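Peer 1: There's a structure below that I have some questions on.
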Amino acid sequence: MAPERSTGNRIGAEDIRRRKGGVPIVCLTAYTYPIARMLDPHVDLLLVGDSVAMVLHGHATTLGASLEMMIAHGQAVMRGSAKACVVVDMPAGSYEDSVAQAVASARLIIGETGCQAVKLEGGVDMAAQIAAIVAEGIPVMGHIGLQPQSVDKEGGYKIKGRSRENVAALFRDAEAVEKAGAFSVVIEGTVEAVASDLTRHIAIPTIGIGASGDCDGQILVVDDMIGMTVNRVPKFVKEYAKLRDTIADAAARYADEVRSRAFPGPDHVFSAASGKDQA
Ligand code: KIV
């Protein structure tokens, strides 16, 4: 069942589509209620990315994401946001086998979360799935270039657009995703000039990550952007805060105060005289 806090005033997929060539579209991933509340006033789009499997659940790759996981985090982000267009990633294994599987999974995600759209990875190879989901009235965001769900098949996170053949394949993918009816497309880990050319070539907004400043919008994984990432930080990430240091410092000071009995102090305990029942 869709969460109760979804409102009718959200930015929709069609609003995003109309932003082609305009003011850059601001996107971030979000996985939890408090982060969604903090980001919602500042962004146009929140992606409940399957990166949640790595960022919050400690899996080695996004292949650790499941439909159940995406739905639970999608519901939390919908509860925590009121304005942003919320897009939920379709996890690996939920759409590639057949058009029927893709439609059933997309329907489940939309039905259980009330989100505005789903995202799936793939170009020419997934065009039939995109078209079938769109035909159900469910907006789809595409994802081409570096596709993290293919990391095992590809033998790592390989930058795209370095060879003439690959550039041609990227153009075929972008055209296929657009023709299938996607309202926008993420371009990840792709040579800057190629991402710029792709942006000029198609009529739907491109959302770049490790791509180009010429894309119609940008997205980052929120934990990377706020400096919470504990593993390697990719080159394309800019850390706008260093929360890992803030958290480590807070934990160290708390530990010191508990060990020295400085915490809890008089402000953090209840006296019989205070008379208040509320914690
Ligand atoms: O899962 C994710 O976070 C993504 C973004 C990196 C675009 O797909």
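What follows is calculated from the coordinates using simple rules that are stated; it is not laboratory data. All of these numbers come straight from a predicted model, not from anything done at the bench. Glycine also receives a Cβ, built like all others from the backbone with ideal geometry; neighbour counts cover every protein chain displayed.
Peer 1: Once both axes come from the Cα atoms, what is the angle between helix 67-80 and the longest principal axis of the chain, in degrees from 0 to 90, rounded to 10?
Peer 2: Around 60 degrees separate the two axes.
Peer 1: Would you work out the charge dipole size for segment 3-85 about its Cα centre, treating the Cβ of every Lys and Arg as +1 and the Cβ of every Asp and Glu as -1, and quote it to the nearest 20 debye?
Peer 2: It works out to roughly 300 debye.
Peer 1: Considering the dipole of the chain built from charges on the beta carbon (Lys and Arg +1, Asp and Glu -1) around the Cα centre, which of 41, 55, 85 is farthest to its positive end?
Peer 2: 41
Peer 1: Sequence gap at least 6, Cα distance under 8 Å: using those rules, report the relative contact order of segment 12-118 to the nearest whole percent.
Peer 2: Once divided by the residue count of segment 12-118, the mean separation gives 27 percent.
Peer 1: Further question: Of 243, 211, 272, which is farthest on the positive side of the dipole of segment 183-279, counting Cα position, with +1 on Lys and Arg Cβ, -1 on Asp and Glu Cβ, and the Cα centre as origin?
Peer 2: 272
Peer 1: Please report the relative contact order for the chain, taking Cα pairs under 8 Å with a sequence separation of at least 6, and give it as a percent rounded to a whole number.
Peer 2: Normalised by residue count, the contact order of the chain is 17 percent.
Peer 1: Alpha carbon centre of segment 170-244 versus segment 98-147: separation in Å?
Peer 2: So the separation of the two Cα centres works out to 18 Å.
Peer 1: Shape of segment 220-279 from its Cα gyration tensor (a ≥ b ≥ c, root eigenvalues): rounded if a/c is under 1.5, otherwise prolate when a/b > b/c, or oblate?
Peer 2: prolate
Peer 1: How big is D, in µm² s⁻¹, for the chain by Stokes-Einstein at 25 °C and 0.890 mPa s if Rh is the Kirkwood radius over C-alpha pairs?
Peer 2: Translational D for this selection: 123 µm²/s.
Peer 1: Among DSSP beta bridges lying fully in the chain, give the percent that are antiparallel, nearest 5.
Peer 2: 5 percent
Peer 1: Would you mind working out the magnitude of the charge dipole of segment 6-143 relative to its Cα centre, with +1 at each Lys and Arg C-beta and -1 at each Asp and Glu C-beta, to the nearest 20 Debye?
Peer 2: 580 debye
Peer 1: Now a separate question. Quickly estimate the mean residue ellipticity at 222 nm for the chain, helices only: each DSSP H run with n ≥ 4 gives -39500 (n - 2.57), and the total goes over all residues, rounded to 500.
Peer 2: Working: 11 runs with 106 residues, N = 279.
Theoretical 222 nm ellipticity from helices: -11000 deg cm²/dmol.
Peer 1: Pairs to check: 160/235; 83/242; 158/238; 20/153; 20/158. Give those whose C-alpha atoms are more than 22 Å from each other in this structure.
Peer 2: Check vs 22 Å cut-off fails for 83/242; 20/153; 20/158.
Peer 1: Shifting gears a bit: Helix 164-180 against the longest principal axis of the chain: what's the angle in degrees, Cα atoms only, rounded to the nearest 10?
Peer 2: Helix 164-180 sits roughly 80 degrees off the main axis of the chain.
Peer 1: I've got another one for you. Using 0.36 nm times the number of residues separating residue 214 and residue 38, minus their current alpha carbon distance, what extension gain do you get?
Peer 2: Length difference between fully extended and current span is 60.7 nm.
Peer 1: Rg/Rh for segment 146-279 to two decimals, with Rh computed the Kirkwood way over all alpha-carbon pairs.
Peer 2: Working: Rg = 24.2 Å, Rh = 18.7 Å.
Over the Cα atoms of segment 146-279, Rg/Rh equals 1.29.
Peer 1: Now, a different point. Could I have the simple spin-label model distance between residue 9 and residue 245, label points 7 Å from Cα toward Cβ, reported in nm to one decimal?
Peer 2: My value for the distance between the label points is 3.8 nm.
Peer 1: Order of 77-88, 94-105, 62-73 by packing, highest average Cβ count within 10 Å first?
Peer 2: Result, highest mean Cβ count within 10 Å first: 77-88, 62-73, 94-105.
Peer 1: Next question. Towards the positive end of the charge dipole of segment 13-242, with charges on Cβ (+1 Lys, Arg; -1 Asp, Glu), say which of 141, 220, 32 has the farthest Cα.
Peer 2: Checked the options; the winner is 220.
Peer 1: In nm, give the distance between the simple-model label positions of residue 267 and residue 162, each being 7 Å from the Cα along the Cα-to-Cβ direction.
Peer 2: So the two model labels end up 5.4 nm from each other.
Peer 1: Work out how far the C-alpha atoms of segment 123-185 reach from end to end along every principal axis, then list the three figures in whole Å, largest first.
Peer 2: 35, 23, 16
Peer 1: Ordered by residue, what ³J(HN,Hα) values in Hz, to whole numbers, does segment 200-214 give under the Karplus form 6.51 cos²θ - 1.76 cosθ + 1.60, where θ = phi - 60° and Gly and Pro are x?
Peer 2: Per-residue couplings from phi come out as 6, 7, 10, 9, 9, x, 9, 10, x, 9, x, 10, 8, x, 7 Hz.
Peer 1: In debye, nearest 20, what is the charge dipole magnitude of the chain about its Cα centre with +1 on Lys and Arg Cβ and -1 on Asp and Glu Cβ, if you could check?
Peer 2: Magnitude of the dipole: close to 440 debye.
Peer 1: Let me check against my output: what whole-number percent is the relative contact order of segment 200-279, with C-alpha pairs under 8 Å and at least 6 apart?
Peer 2: It comes to 16 percent, rounded to a whole number.
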